[in-house]
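Shown next, in structure tokens, is the structure this report addresses.
No value in this document is a laboratory result; all are computed from the given coordinates. Remember, it's a predicted structure, so these values are computed and weren't measured experimentally. Reconstructed Cβ throughout: ideal geometry from the backbone, glycine too, with neighbour counts over all protein chains shown.
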There are 2 protein chains.
Amino acid sequence: MVSIPAGISTPHIMIDVAQLEKNISKMANRVSSQGLKLRPHAKTHKMLEVAYRQLDAGAVGLTVATVGEALSFALQGVAKIFIAYPLWVDESQATRILELLKRSKLSIGTDSVEAVHQMSVTLGEKAAKIRLMIEIDSGHHRSGVAPQDAVAIAQAAREVGMKVQGVFTFPGHSYDPDGIDAAVNDEYKALAEATRLLRESGFEIKRISGGSSPTAALSDSSVLTEVRPGVYVFGDAQQYELGRITFDEIALSVASTVVSRHQGEANIPRRIVLDAGSKILGSDRPSWATGYGRIVECPDARIIALSEHHATVQWPEDLELPAHGTQLQVIPNHVCQAVNLVDSVLAVHPDETNEVWDVTARGLNF
Amino acid sequence: MVSIPAGISTPHIMIDVAQLEKNISKMANRVSSQGLKLRPHAKTHKMLEVAYRQLDAGAVGLTVATVGEALSFALQGVAKIFIAYPLWVDESQATRILELLKRSKLSIGTDSVEAVHQMSVTLGEKAAKIRLMIEIDSGHHRSGVAPQDAVAIAQAAREVGMKVQGVFTFPGHSYDPDGIDAAVNDEYKALAEATRLLRESGFEIKRISGGSSPTAALSDSSVLTEVRPGVYVFGDAQQYELGRITFDEIALSVASTVVSRHQGEANIPRRIVLDAGSKILGSDRPSWATGYGRIVECPDARIIALSEHHATVQWPEDLELPAHGTQLQVIPNHVCQAVNLVDSVLAVHPDETNEVWDVTARGLNF
């Protein structure tokens, strides 16, 4: 990780551009060597500078979560976009999707007959231009249907003149230290079963899309045609604690300052407080995490509590507490949340020059 | 709570203006009748429209958490601002604080001799214009010193020609269903002790500042001179589940849409999925909370999982699942996080007209 540039105000998100580019290149090569296409999820970064680097490295298009994110990238020339979300297309969404269709090849997720009917009503004849991707529940039990229910959705689409291009799933239960191999297995099984049933019913399935960041590296083309990892560009404390990446591979940190420092005494804990709170790190903390993020300069320190503007840090007993005003780099638990909290980040190049990158698609929730 | 206006895209934060004004007026009257001043924390709302209503109702000034928030309000004419945070004033912060001092009467928190010395160095002779407020740890063990350590900080301030105006604390351990009365007691005891010691050492203590939203209503002038509640303007699911407010008093919700719906079968849970995820609700979930927020139309429903754009909802078994496309209002657990995720909100008036309010101080982390 590059060092904190002199003179920046904290807390501040900074990106190690050289490491970012290594991460992008490594995933692109790995996915390509496995015979898969890469359609990275841009909800992680929401930045044109990162999207362009992914596309230059061979990504076939971008995945996003909302129509707003899709428009943000389409207006900047991104030609192929997959909204991997079971959209309910009301009139206001329909107007914006029609704009998107003028600019990009668009695929959209769906997991119900009702949502397909709704699209055909609100989008009218333009609905035929959308490539539907049926979402399969591979065990995360969020959105998505069981494999055997995919056929009814495909039939509903055919009846209203819409095209099904493929199936996708998000194996979200891979976000558990003991669950990764099982999640990959569930993902393959569910997608293979849905694909088999759809093909038996006469549907041509061109895209079989899977892969979270933890599972993407384990994926191959025995079932899938593409993967959609997001977090890999930056990495975060969750991926590190899941054992999917090394500390050195993390490309984003929050520069922060020691604002409060306490040696501790009877009943009062020894601690420092950093000015990076949940309003820049995000509050995500899975049950298996060691804290609310990790500190680059002291991996054994633990962020034991987080308020909006305070990280309370337990420092190792055998190490002296850092002085007031010391700047430290915090790795967020979940980088997608951190990036979505700021309007811009500081991108630091290997020659120590830096530039400001706008988080163009920040906050585009609909 | 007002209904969701027709035609809005979801997820979308909406404010019930009439209820907001009732909440502002109720707190102002209560605090005034207790003989206290009200210096509400603006980190909750970050909006001029709310700040002006608070000041019009008698607030003596605003409390904020960062220099950026302070500048945002000072530039719009707010005359008295308290940064209730132990700032470490480096050169870049000093430049901005000097701008603030031209526009507002400014008080700043501190909890160390080192931070006082740092201010006197970077602010130079202008440091004398700052009213220091010493932060006392009343049991939350975040920032703040023990009462007996306040005197050394006040002496350090006197030596460099800076003024101590008072003491403050944040009884953060009041955010627990069983902890409120004990937290009020701790708060009073710590502030009274610090004030006594400072006065015995010859310091004039004009302001004794306490009060989170859970404790503000219980506060009186036996020890305090002012309170700094924030969340009370909107309320949220945490305050409701802590028993501090009724459901009807909540003035902010997230309009959301049912995008996925599953009747459930063997091993697969019955559920709906709403399009309001952690990128609009925030991820905060205290251990005692019933879920990741509450649903206005169905208080017995439980948000059992939250992803960035999905709320997975367990619906009561004896009630039919709402249809695809149904719009529901979600009350966030922690409203300060929700507001900080959007650039604007929809303010709905009693006559059903609405306007867009900018979250002017959003994301101003430093």
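The long axis of helix A:91-103 is offset from the longest Cα principal axis of chain A by roughly 90 degrees.
Where is the GNM fluctuation largest for chain A (alpha-carbon springs, 10 angstrom cutoff): A:Ala276, A:Ala79, A:Ala311? Highest fluctuation among the options: A:Ala79.
Compared with the alpha-carbon gap, the fully stretched path from A:Ala146 to A:Ala182 is longer by 11.2 nm at 0.36 nm per residue.
Tell me the angle of helix A:17-33 to the major Cα principal axis of chain A, expressed in degrees between 0 and 90 and rounded to the nearest ten. The angle comes out near 40 degrees.
Here the Karplus curve 6.51 cos²θ - 1.76 cosθ + 1.60, taken at θ = phi - 60°, turns the phi angles of the range A:227-234 into couplings of 10, 10, x, x, 5, 4, 4, 10 Hz, with x standing for Gly and Pro. Sorted shortest first, the distances from the B:Thr353 label point to those of the same residue in the other copies are 5.3 nm; each point sits 7 Å from Cα along Cα-to-Cβ.
Most simply put, the protein assembly as shown has about 50% antiparallel DSSP beta bridges, counting only bridges with both residues inside it.
Residue by residue along B:268-276, Cβ atoms of other protein chains within 10 Å of the local Cβ number 3 on average.
For the range A:59-106 versus the range B:287-366, the inter-centroid distance based on Cα atoms is 24 Å.
One residue of chain B places its C-beta nearer than any other to the axis carrying B onto A; that residue and its whole-Å distance are B:Ser283, 2. When A:Glu125 is represented by a point 7 angstrom out along its Cα-to-C-beta vector, the spacings to that point in the other copies are 7.9 nm, nearest first.
Rounded to whole Å, the principal axis extents of the Cα atoms in the range B:79-229 read 45, 30, 24, largest first.
With 39 Å as the cut-off, how large is the P(r) tail for the protein assembly as shown, expressed as percent of Cα-Cα pairs? Summing the P(r) of the protein assembly as shown above 39 Å gives 35 percent of all pairs. Amide hydrogen proximity for B:Leu328: with H placed 1.01 Å from N in the peptide plane, the residues at 5 or more positions away or on another chain lying under 5 Å are B:Ser256, B:Thr257, B:Val258.
Positive end of the dipole of the range B:294-366 (Cβ unit charges, origin at the Cα centre): among B:Val339, B:Pro350, B:Leu321, the Cα lying farthest that way belongs to B:Val339.
For the range A:1-103, rounded, prolate or oblate, judged on the Cα gyration tensor with a ≥ b ≥ c (square roots of eigenvalues), a/c < 1.5 rounded, else prolate if a/b > b/c?
Since a/c reaches 1.5 but b/c is at least a/b, the shape of the range A:1-103 is classed as oblate.
Residue by residue, the range A:205-211 carries 3J(HN,Hα) couplings of 10, 8, 10, 10, 10, x, x Hz when phi is fed to the Karplus relation 6.51 cos²θ - 1.76 cosθ + 1.60 (θ = phi - 60°); x denotes Gly or Pro. Net charge dipole, the range A:154-250: roughly 640 debye, given to the nearest 20, about the Cα centre with Cβ charges of +1 for Lys and Arg and -1 for Asp and Glu.
Given the options B:Thr66, A:Leu191, A:Gln76, identify the residue whose Cα lies farthest towards the positive end of the charge dipole of the protein assembly as shown (+1 on Cβ of Lys, Arg; -1 on Cβ of Asp, Glu). Of the listed residues, the answer is A:Gln76.
Average partner chain C-beta neighbours within 10 Å, per residue of B:255-263? All intermediate terms of the calculation are to be shown ahead of the outcome.
Details: counts 1, 2, 5, 2, 10, 15, 6, 10, 0.
The mean count of partner-chain Cβ atoms within 10 Å per residue comes to 6.
Springs join every pair of Cα atoms under 10 Å in this Gaussian network model of chain B, and among B:Ser107, B:Ser25, B:Ser219 the largest mean-square fluctuation is at B:Ser25. For B:Pro269, the distances from its label point to the matching points in the remaining copies are 2.9 nm, ordered from shortest, with each point set 7 Å beyond Cα toward Cβ. Against the compact-protein benchmark of 2.2 N^0.38 Å, the Cα-based radius of gyration of the range A:239-356 scales to 1.07. When chain A is treated as a GNM with alpha-carbon contacts under 10 Å, the residue of A:Phe247, A:Phe234, A:Phe73 showing the greatest mean-square fluctuation is A:Phe247.
Could you work out the helix-only [θ] at 222 nm for the protein assembly as shown, with each DSSP H run of four or more residues adding -39,500 (n - 2.57) and the total divided by the number of residues, to the nearest 500 deg cm²/dmol?
-8500 deg cm²/dmol
Directionally averaged projected area (chain A, Cα convex hull): 18.8 nm².
Close amide H contacts of B:His41 (hydrogens built in the peptide plane, cut-off under 5 Å, sequence separation of 5 or more or a different chain): B:Thr63, B:Gly230.
Phi angles across the range B:353-366 convert, under the Karplus curve 6.51 cos²θ - 1.76 cosθ + 1.60 with θ = phi - 60°, into 3J(HN,Hα) values of 6, 9, 9, 9, 9, 6, 8, 4, 9, 4, x, 7, 6, 9 Hz, Gly and Pro given as x. Label positions at A:Ala6 and A:Asp56, each projected 7 Å from the Cα along the C-beta direction, are separated by 2.9 nm.
So how strong a dipole does chain A carry about its Cα centre when Lys and Arg Cβ are +1 and Asp and Glu Cβ are -1, to the nearest 20 debye? Can you show the working numbers first?
Values: 34 positive and 43 negative charges, 245 e Å.
Here the size comes out at about 1180 debye.
Under the convention that each Lys and Arg Cβ holds +1 and each Asp and Glu Cβ holds -1, the size of the dipole of the protein assembly as shown around its Cα centre is about 1300 debye.
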